[in-house]
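The values are calculated or read from the model by the stated rules, or taken from the named source; none is laboratory data. This one's a predicted model, so the numbers in the text were calculated from it and none came from an experiment. Cβ: placed from backbone, ideal geometry, glycine included. Neighbour counts: every protein chain shown. Note: areas computed on protein heavy atoms with side chains; ligands, DNA, RNA excluded. Shrake-Rupley method; radii C 1.70, N 1.55, O 1.52, S 1.80 Å.
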Amino acid sequence: TAGWTLYTFSDEISEIQLSYQVSKVGESLIRERPNKNSLIARASGYIIWMRFVVEPVQTVITDFAGIYNCGMLTGDTESAMLSRWSYCAGSLYVGMIPLGTLSKQIVMCVKQSAKHQQDAVLYATMSV
């Protein structure tokens, strides 16, 4: 059974690598589009989650700030707030920013989530 498990796991790894490569192509195509802010807000969340599986977390977390900005610029508050929460939760997880700065980010995320009626993000942020 150990051999079968290793075979199955290696097959999943190749699928992850393929998905990662496809997401990188998608990301580069999005950046060339005239409506890239809207596409970045919507699709980059999925692309970044794929990057979390392959790349170091610290390199991925900083991209959430850009996705937040794109979401707010295009009125996509759902993607924007999810990105802000992801930045806060990821930063807490890896200890990327000082706790005082992070707590201010979390407070801002709670306030904005309530303002934009993003209850899932609001409750998730309050649990951080």
Residue-ordered couplings for region 79-85, obtained by feeding phi - 60° into the Karplus form 6.51 cos²θ - 1.76 cosθ + 1.60 and rounding to whole Hz (Gly and Pro as x), are 5, 4, 5, 5, 5, 5, 5
How much accessible area does V110 have with a 1.4 Å probe, in Å² rounded to the nearest 10?
40
What spacing in nm lies between the two simple spin-label points modelled at V107 and Q21, each 7 Å away from Cα in the Cβ direction?
4.8
Probe of 1.4 angstrom, ligands and nucleic acids ignored: what's the accessible area per residue over the chain, in square angstrom?
62
Computed for the chain: size of charge dipole around the Cα centre, +1 on C-beta of each Lys and Arg, -1 on C-beta of each Asp and Glu, debye to nearest 20, value 540
Within 12 Å, Cβ to Cβ, of M126, how many net charges do the neighbouring residues add up to if Lys/Arg are +1 and Asp/Glu are -1?
0
If I compute Cα Rg over 2.2 N^0.38 Å from the structure I just sent, which labelled value in (i) 1.20; (ii) 1.53; (iii) 1.12 lines up?
(i)
The chain, Gaussian network, Cα under 10 Å: of A114, A43, A80, the residue fluctuating most is A114
Percent accessible area from carbon and sulfur atoms, the chain, protein chains only, probe 1.4 Å:
62
Residue-wise, which Karplus ³J(HN,Hα) couplings in Hz belong to region 115-127, taking 6.51 cos²θ - 1.76 cosθ + 1.60, θ = phi - 60°, and x for glycine or proline?
4, 9, 6, 9, 4, 4, 5, 4, 5, 5, 5, 5, 7
Distance between Cα centroids, region 77-107 to region 10-37: provide it in whole Å.
24
